[in-house]
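Q: I am attaching a structure below and will ask some questions about it afterwards.
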Amino acid sequence: METQEQLEKFRDFFENYQDYLHEVIAKGEISAIFDFNELLVHDPELADLLLEDPENVLKAAELSLDNFDIPSKDLRVRFHNLPVTNTVRIRDIRSEHLDKFISIEGLVRQTSDVRPQVTSAKFECPSCGNTINILQIDTQFKEPSRCSCGRRGRFRLISKELIDAQRVVLEEAPENLEGGEQPKRLAVFLKGDLVDPKMEKRTTPGSKVKISGTVKEVPVPLRTGGHSTRYDLVMESNFIEPVEETFEETSVSKKEEKEIIKISKDPKLYQKIQDSIAPSIYGHEDVKAALILQLMGGVQKEHDDGTKRRGDMHVLLIGDPGAGKSQMLQFVSKIAPKARLVSGKGASGAGLTATVVKDEFMRGWALEAGAFVLANGGFCIIDEMDKINPEDTSALHQALEQQVITISKANIQATLKAKTTLLAAANPKLGRFDPYTPIAAQINMPSTLINRFDLIFPIKDLPSKEFDTKVATHVLNLQQKPDDLKSTFDSDFLKKYISYARQKTNPKLTKEAVEEIKDFYVGLRNMPGTGEDMVKPIPISARQLEALVRLAEGSARVRLSKTVTKKDAQRAIETLKRCLMQVGFDYETGQIDIDRISTGISASQRGKIVKIRELINDLEKKIGKLIPIDDLILEASEQGIEEEKVTEAVEMLKRDGSIYEPKRGQISKV
């Protein structure tokens with residue numbers, strides 16, 4: 001098709017959009033966006049040509065706009081909604097796709113700074129005064145080689161046209177990958193109004209976008225100065241649009257929707273879903289029940305003053321080796337929409353949150369998103385969390401509570417969204433549990449981080465003839481007949497059910513549910529103490545109160561209910577109680593004590609430390625600076641504190657730096 005014919009055909013097409021074009025100009029925008037399908041209906045031949053030779057056809061489209069009474073001469077034409085045949089996965093891009101109009105989809109992994117780029121430059125010949133216009137297409141700045149008067153070199157640069165440009169690295173979304181495939185990446189150049197501040201918000205690392213444009217080859221320079229025979233790929237974008245991420249991606253057909261609504265009315269629904277979670281692992285009903293509520297999640301609330309209450313629940317599984325934690329994590333990563341699984345030593349702070357890397361193209365710094373940001377709106381699953389260095393896990397504090405990650409490195413200050421649910425697994429310090437030590441003291445993680453988890457489940461591997469027989473039967477049957485693994489719902493259906501529930505239902509608390517949670521919270525916090533002079537244990541804090549609300553909302557979502565009933569509140573209380581009884585129960589006082597989880601020191605232990613400190617003060621007044629430990633033990637035994645507890649308290653005070661041991665068997669205050 002001749003260029004003249006193309007111009008005429010585009011003129012006919014734009015005739016119908018005159019009002020829209022004037023509206024675009026009135027708004028001060030420099031690009032007009034059209035639906036490809038409308039061009040296809042208007043002129044199939046022209047639409048096909050656009051897919052085959054986008055560069056020239058788009059230029060013709062822009063030239064045809066000159067015939068309309070439009071004040072702006074630089075109006076860009078952009079097309080979106082390309083046909084499915086021209087939507088290519090990043091890993092499937094081949095040489096046949098070069099210079100064709102295609103669209104790709106993926107997560108923004110890295111973005112560079114926005115920098116000006118030269119598009120054309122005007123030179124003047126000093127001999128004859130002739131002006132020469134050179135288009136800057138390549139990465140290298142081009143000067144004219146000769147003038148029509150015969151002069152070569154040394155031309156004077158009069159002016160140059162600049163355009164804003166930014167380089168974005170796009171990575172395949174995890175839900176489009178099968179098995180252990182590595183996500184592939186592609187560099188994309190955004191130019192002109194595609195890097196406006198308004199558009200730039202759409203391309204923050206971690207956001208999912210769909211880009212239409214043409215793939216170009218870029219020569220790879222060799223050290224010798226020549227070019228390699230192999231080329232790099234880069235995409236010149238024509239249009240970019242954000243894709244609504246999270247659970248909307250899981251498409252549910254009308255037939256499946258009917259089935260989901262029918263199943264949601266089943267009275268035994270909870271039990272059936274529980275049995276379908278990691279069916280290859282026998283037992284651990286408490287944990288599976290909690291995982292269902294975590295998968296459903298609570299509802300995020302935003303207040304008028306801008307503060308947000310997270311709806312995501314964070315769960316930590318600590319357990320003896322071989323108890324099936326990793327297997328459960330693997331299963332959740334399959335059925336949770338948009339999940340990222342990372343493991344122990346293979347993860348660093350930068351890989352979990354975000355990092356700043358050197359950008360080879362723009363010669364500046366670029367922001368690269370980590371697992372937590374890429375899983376925004378989904379799940380981040382961390383196995384072997386205790387093996388990650390403490391300085392790396394400290395990066396997660398802000399992400400877990402505020403659900404954002406702030407980066408201040410090099411010259412980049414950025415805030416990235418991380419509305420992510422965390423499911424983590426860890427082993428105790430000594431490999432196995434010590435039943436007499438608080439759990440917090442046995443986890444190789446800072447207490448402030450442990451505090452951020454709504455539920456902590458210890459998975460203990462204790463020998464029991466009856467239970468071991470059932471486990472052995474279950475495991476050996478599966479080994480003998482691997483196809484015998486029966487569960488009520490398969491993982492694909494569960495994924496759709498969870499997506500549907502999270503998409504469609506935002507349950508609200510009823511008065512009965514509020515009363516139930518309030519009574520439990522107030523009643524537990526104000527239990528009678530065990531003695532006037534003892535430090536009173538704090539059984540539960542406001543953080544657990546919010547966790548109760550989230551659990552109750554998750555419970556209502558399982559039934560696709562719009563209200564949180566009293567029964568949901570009771571289920572939430574039951575789940576939290578089971579967790580607290582295992583983790584925060586102080587056997588000495590016979591009460592639940594949240595400090596056992598958050599600080600690793602129970603209230604009764606703290607009470608004894610306070611008493612020992614008082615005794616040391618009294619003895620210092622009587623004896624002097626040096627206090628024999630035997631005297632302290634004697635004094636303490638009169639107050640009913642055993643020798644073992646005294647030694648423990650003295651050790652803690654020594655570690656704390658309150659006292660020291662100048663001579664063996666004697667202590668002194670610092």
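Q: Regarding Tyr521, is this residue farther than 23 Å from Ser333 by Cβ and in contact (Cβ under 8 Å) with a residue 24 or more places away in the chain?
A: Taking the combined requirement at face value, the residue satisfies it.
Q: On to the next question. Mind checking whether some residue in segment 440-462 is over 30 Å from Thr355 (Cβ atoms), surrounded by 14 or more Cβ atoms within 10 Å (Cβ to Cβ) and polar (S, T, N, Q)?
A: yes
Q: Looking only at segment 325-337, which residues are buried (at least 21 other Cβ atoms within 10 Å of the Cβ) and either in contact with a Lys or Arg (Cβ under 8 Å, 6 or more places away or on another chain) or farther than 30 Å from Ala542 by Cα (or both)?
A: Met328, Phe331, Ile335, Ala336, Pro337
Q: Here is a list: Ala350, Ala354. Which entry is out of contact with any His (no Cβ under 8 Å at 6 or more places or on another chain) and buried (at least 22 other Cβ atoms within 10 Å of the Cβ)?
A: Only one candidate qualifies: Ala354.
Q: Can you name the residue in segment 108-139 that is touching an Asp or Glu at 6+ places or on another chain (Cβ under 8 Å) and in a loop (DSSP other than H, G, I, E, B) and, of all such residues, is farthest from Ile211 (Cα to Cα)?
A: Ranking the qualifying residues of segment 108-139, first place goes to Asn130.
Q: Which one of the conditions (1) at pLDDT 80 or above; (2) of a type outside the set (Phe, Trp, Tyr); (3) out of contact with any Lys or Arg (no Cβ under 6 Å at 6 or more places or on another chain); (4) surrounded by 21 or more Cβ atoms within 10 Å (Cβ to Cβ) does Glu384 fail to meet, given that it meets all the rest?
A: (4)
Q: Hey, another quick one. Taking the options Asp92, Asp113, name whichever one is among the acidic types (Asp, Glu) and free of Cβ contacts under 8 Å to residues at least 60 places away in the same chain.
A: Asp92
Q: Only one of (1) in contact (Cβ under 8 Å) with a residue 12 or more places away in the chain; (2) over 20 Å from the mean Cα position of the chain (by Cα); (3) closer than 26 Å to Phe453 by Cα is not met by Gln271, so which one is it?
A: That leaves (1) as the condition not met.
Q: Would you pick out the residues in segment 366-412 that are part of a strand (DSSP E or B) and among the acidic types (Asp, Glu)?
A: Selection gives Glu368, Asp383.
Q: Give segment 302-324 a look and list any residue that's surrounded by 13 or more Cβ atoms within 10 Å (Cβ to Cβ), in a strand (DSSP E or B) and of a type outside the set (A, V, I, L, M, F, W, C), or say none.
A: Within segment 302-324, Lys308, Arg309, Gly319 qualify.
Q: Output yes when any residue across segment 464-484 is at pLDDT 80 or above, farther than 30 Å from Lys265 by Cβ and not assigned by TED's automatic domain parsing to the domain that holds Leu329, and no when none is.
A: Looking through segment 464-484, none of the residues is at pLDDT 80 or above, farther than 30 Å from Lys265 by Cβ and not assigned by TED's automatic domain parsing to the domain that holds Leu329.
Q: For segment 361-372, check the following and say yes or no: at least one residue is more than 30 Å from Leu190 (Cα to Cα), under 17 Å from the mean Cα position of the chain (by Cα), of a type outside the set (Lys, Arg) and at pLDDT 80 or above.
A: No, segment 361-372 contains no residue that is more than 30 Å from Leu190 (Cα to Cα), under 17 Å from the mean Cα position of the chain (by Cα), of a type outside the set (Lys, Arg) and at pLDDT 80 or above.
Q: Turning to a different aspect of this structure: Taking segment 212-254 as the search range and keeping residues that are modelled with pLDDT of 80 or more and among the charged types (D, E, K, R), which one is nearest to Met296 (Cα to Cα)?
A: Step by step, filter segment 212-254, then rank; the result is Glu241.
The values are calculated or read from the model by the stated rules, or taken from the named source; none is laboratory data. The model shown is predicted, which means the values in this text are computed figures rather than measured ones. As a convention, Cβ positions derive from the backbone with ideal geometry for all residues, glycine included, and neighbour counts pool all protein chains shown.
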